[in-house]
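Q: Quick one: structure below, then a few questions.
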Amino acid sequence: MKHPTLPLWASAAVALALGSGCAGYRLGPGADSPVAGKTVQVVPFTNRTMEPRLADAVTAAVRKELQRDGSARLATLEPGDIVLTGELIQYRRRELSFVPEDIATARDYRVQLTARVTARERATGRVLLEQDVTGYTLIRVGGDLSGTERQALPLLAADLARQIRDLLVEGSW
């Protein structure tokens, strides 16, 4: 029995119809971004939590994300058109699962870090973005919880930085 096949023109029409559903997707930075063509100065974040080393990791991750995205240029030597400041206000660790033989000992945690972020136009002082942003990561604890948290810090900082970058670049403020 012969299998029916679509003619070439029908295959092209199906591909075009399926591909047209992605009209809202953009690849890379767009000219319609509110920060397109502007420079962003990232002021070092302040740490209001009891966890050490968070501020430096988050500041570096935010700078890296803005450079990677490319919608705006990172101001390094000169003042930026937009000044981004942030305060780390909450660090939380929640148990997700426990050791099967010992239900009092956590095995997996969800770690979250919340920052209060403000983006302000340097020239006018107008606030473009002011809101709390939260990043997350999962960790599995072996024998050393603090060591595991230290190793997960770059992942946590990177997730928070992606959230901040998305808000800034997409202009959902």
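Bear in mind that the values in this text are calculations on the coordinates, not laboratory data. Given the structure is predicted, the values throughout are model-derived calculations rather than measurements. Here the Cβ is made from the backbone with ideal geometry for all residues, glycine too, and neighbour counts use every protein chain on show.
Q: At R0 = 25 Å, how high is the FRET efficiency between Ile89 and Arg150 if r is their beta carbon distance? Nearest 0.05 is fine. Before the final figure, lay out each step's value.
A: Values: r = 21 Å, r/R0 = 0.82.
Between Ile89 and Arg150 the formula returns 0.75.
Q: Additional query: Determine the equivalent ellipsoid of segment 32-170 by diagonalising the alpha-carbon gyration tensor, then write out the semi-axes as square roots of 5 times the eigenvalues, largest first, rounded to whole Å. Spell out each step's value before the answer.
A: Working: eigenvalues 224, 33, 31 Å².
The equivalent ellipsoid of segment 32-170 has semi-axes of 33, 13, 12 Å.
Q: What's the center-to-center distance, using Cα atoms, between segment 47-80 and segment 100-134 in Å?
A: The two parts, judged by their Cα centres, are 14 Å apart.
Q: How would you rank Glu130, Glu149, Glu65, going from fewest to most other Cβ atoms within 10 Å of each one's own Cβ?
A: On the way: Glu130 12, Glu149 18, Glu65 22.
Taking fewest neighbouring Cβ atoms as first place, the list is Glu130, Glu149, Glu65.
Q: Here is a follow-up. So how do Glu51, Glu170 line up by other beta-carbon neighbours within 10 Å, fewest first? Walk me through the numbers on the way to the answer.
A: On the way: Glu51 19, Glu170 15.
In order of increasing Cβ crowding within 10 Å: Glu170, Glu51.
Q: Taking the dipole about the Cα centre of segment 24-173, with the C-beta of Lys and Arg at +1 and of Asp and Glu at -1, give me whichever of Thr76, Thr46, Ala157 is farthest to the positive side.
A: Farthest towards the positive pole: Thr76.
Q: Additional query: Order by neighbour count: Thr105, Thr124, Thr85, fewest other Cβ atoms within 10 Å first, most last.
A: Numbers: Thr105 11, Thr124 8, Thr85 17.
Fewest-to-most ranking of Thr105, Thr124, Thr85: Thr124, Thr105, Thr85.
Q: Give me the number: length gained by fully extending Arg107 to Glu170, i.e. 0.36 nm times residue separation minus the C-alpha to C-alpha distance, one decimal in nm.
A: 19.0 nm
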